[in-house]
Amino acid sequence: MQPHVRPVPGQFYLLRASETLDPLLRRPFSILMWDDTHLEFLIRLKGRGTHLLRNMRVGDRIDVLGPLGNGYPDPLKDETPILVAGGVGIASVFPLLHAGTRLFYGAMNSAELYLLDDIKKLTGNIFICTDDGSKGFKGNAVERLIESLDDLAVAKPTIYACGPEGMIAALLKFLSERGIPGYISFEERMACGIGACLGCVIKTVQGYKRVCKEGPVFNVREIVC
Ligand SMILES: Cc1cc2nc3c(=O)[nH]c(=O)nc-3n(C[C@H](O)[C@H](O)[C@H](O)COP(=O)(O)OP(=O)(O)OC[C@H]3O[C@@H](n4cnc5c(N)ncnc54)[C@H](O)[C@@H]3O)c2cc1C
Ligand code: FES
């Protein structure tokens, strides 16, 4: 697969394995890695669309649309980026990992912590958490962040995050209470994925915005909890 337009971290693609119209809608996936000739995605099996993608063979045709949406802005020079990811939300923030980047990464259990070897090649500053305590801190990535942020004593922490709804709600509350800046990528369910159906809107201080078009990444200051 050859990318025509280079993506930026946080953007997504719409993928559909089926050459028939079932399922009708392409499914959104964050771009994980890319170079001039390849695109890589991390896909968790859910329903029909992801199972059809899993069953593809080398040489099969795939319907791909992207890169779409707005990705993460570059951190300012005086800011310290801190990444927070839950589950497959790691795919969204993975391209932001550089040597020494701090990452708070949580999942339900150790089997659902993806890409650990790849992450460890990029940074040693990983704070692992699992809901069931099977690896790392027992709890979620936001609880771990709240516990550790002051001890990290970093200059101007700025959060870059993607994860399940509950994690994002807790994170938004914490950032708002502490006045910490950040960017969140929303994994809202999508229909058209290209801004036409309003099926993915979230409430912002400027009214409703489409996750697929104005997002998926939003400045936390824009979000109405
Ligand atoms: C911007 C964006 C980026 C995403 N990136 C990734 C990624 O990198 N890797 C990845 O594995 N998944 C990602 N997702 C979620 C992924 O798009 C869905 O899991 C997928 O569309 C499910 O398709 P399906 O046909 O297999 O399941 P469906 O048959 O459509 O649904 C099966 C079950 O999954 C639930 N579901 C469907 N979509 C979502 C969703 N967005 N969030 C939570 N539950 C959902 C349904 O409610 C249903 O219970 C992303 C979603 C968005 C909006
Ligand atoms: S999914 Fe149709 S507008 Fe976003």
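The values are calculated or read from the model by the stated rules, or taken from the named source; none is laboratory data. Everything numeric in this text was worked out from a predicted model, so none of it was measured. Heads up, the Cβs are rebuilt from the backbone with ideal geometry, glycines too, and the neighbour counts pull from every protein chain shown.
Quick look at the numbers
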quantity	calculated
Among residues of the stretch 2-24, those that are within 14 Å of Ile194 (Cα to Cα) and either at pLDDT below 85 or in a strand (DSSP E or B) (or both), counted	4
Checking Thr158 against (1) over 26 Å from Val211 (Cα atoms); (2) touching a strand residue (DSSP E or B) at 6+ places or on another chain (Cβ under 7 Å); (3) of a type in the set (Val, Ile, Thr), the condition it does not meet	(1)
Residue check, Gly133 assigned to a loop (DSSP other than H, G, I, E, B) and modelled with pLDDT of 95 or more	yes
All positions within the stretch 165-187 that are crowded, with 16+ Cβ neighbours inside 10 Å and within 15 Å of ligand 1 (Cβ to nearest atom)	Met167, Ile168, Tyr183, Ile184, Ser185, Phe186, Glu187
Top-ranked residue of the stretch 61-103 - restricted to ones that are loosely packed, with under 12 Cβ neighbours inside 10 Å and closer than 13 Å to Leu15 by Cα, ranked as nearest to the chain's Cα centre (by Cα)	Asp63
The stretch 197-221 residues that are more than 15 Å from Leu172 (Cβ to Cβ) and of a type in the set (Ser, Thr, Tyr), paired with ones that are modelled with pLDDT of 95 or more and away from ligand 1 (no atom under 12 Å from the Cβ) (beta carbon under 6 Å, 6 or more apart)	Tyr208/Val201
Residues located in the stretch 210-222, provided they are surrounded by fewer than 19 Cβ atoms within 10 Å (Cβ to Cβ) and more than 10 Å from ligand 2 (Cβ to nearest atom)	Asn219, Arg221, Glu222
